[in-house]
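The values are calculated or read from the model by the stated rules, or taken from the named source; none is laboratory data. Here the structure is a predicted model, which is why all the values come from computation and not from measurement. Note that we place each Cβ from the backbone using ideal geometry, even for glycine, and neighbour counts take in every protein chain shown.
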Amino acid sequence: MSTDLTPRLIHEIVATADLFLNESQRLFRPHGLTAPQYNVLNILATAADDRGLSQRELGDILVVDRSNVTGLIDRMEKCSWVRRADDPADRRIYRVELTPKGRKLWARIAPRYLEVVHQVTAGVDAKQIQSALALLADLQTRATTWKLPEER
């Protein structure tokens, strides 16, 4: 019997991420939101720059393709949660900003989201969290630098 637990580790990380995404819909769906839409609201609401972020910056933070960000922002714009504004420094870029309606929605849901996060992580101490964060950061780096066996 193999004692290599690394495939199981990756499986459990992916399964946990999928579970969190599925379960988050219980919180977001009643508000007409998806988890990616909440993530955009949260990123914009907590961004240091109140002029919003470019779609590219959002894509980098969300770790998704730029074309996915475009569709996501299109749908959120139709709901009047965000708006695109010209970037005064670069006419090729649109900045995505929260609208007052989007900020109000975020302000209503963010405390509920944090309560759920605290319920899920209850009993996990700071040292365990720091260790998990370090491991995940390392795995994220390795996930972007691996090589196929024949490339080695």
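Computed values, structure above
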item	result
Residue 24 being hydroxyl-bearing (Ser, Thr, Tyr), at pLDDT 90 or above and either touching a helix residue (DSSP H, G or I) at 6+ places or on another chain (Cβ under 8 Å) or surrounded by 10 or more Cβ atoms within 10 Å (Cβ to Cβ) (or both)	yes
Any hit, the range 73-85, residues being assigned to a helix (DSSP H, G or I), β-branched (Val, Ile, Thr) and closer than 22 Å to residue 117 by Cα	no
Single residue of 69, 64 found to be surrounded by 11 or more Cβ atoms within 10 Å (Cβ to Cβ), among the hydrophobic types (A, V, I, L, M, F, W, C) and assigned to a helix (DSSP H, G or I)	69
Selection count where residues are out of contact with any Lys or Arg (no Cβ under 7 Å at 6 or more places or on another chain), loosely packed, with under 13 Cβ neighbours inside 10 Å and part of a helix (DSSP H, G or I), scope the range 44-61	1
Failed item, numbered, when residue 8 is tested on (1) surrounded by 12 or more Cβ atoms within 10 Å (Cβ to Cβ); (2) closer than 25 Å to residue 138 by Cα; (3) of a type in the set (D, E, K, R); (4) more than 14 Å from the chain's Cα centre (by Cα)	(1)
Residues of the range 85-119 that turn out to be surrounded by fewer than 10 Cβ atoms within 10 Å (Cβ to Cβ) and either in contact (Cβ under 8 Å) with a residue 60 or more places away in the chain or in contact with a Pro (Cβ under 8 Å, 6 or more places away or on another chain) (or both), as a count	0
Only one of 6, 70, 46 that is polar (S, T, N, Q) and under 23 Å from residue 107 (Cβ atoms)	46
Options 112, 108; residue that is touching a helix residue (DSSP H, G or I) at 6+ places or on another chain (Cβ under 7 Å) and at pLDDT 95 or above	112
Odd one out for residue 82 among (1) modelled with pLDDT under 90; (2) surrounded by 14 or more Cβ atoms within 10 Å (Cβ to Cβ)	(1)
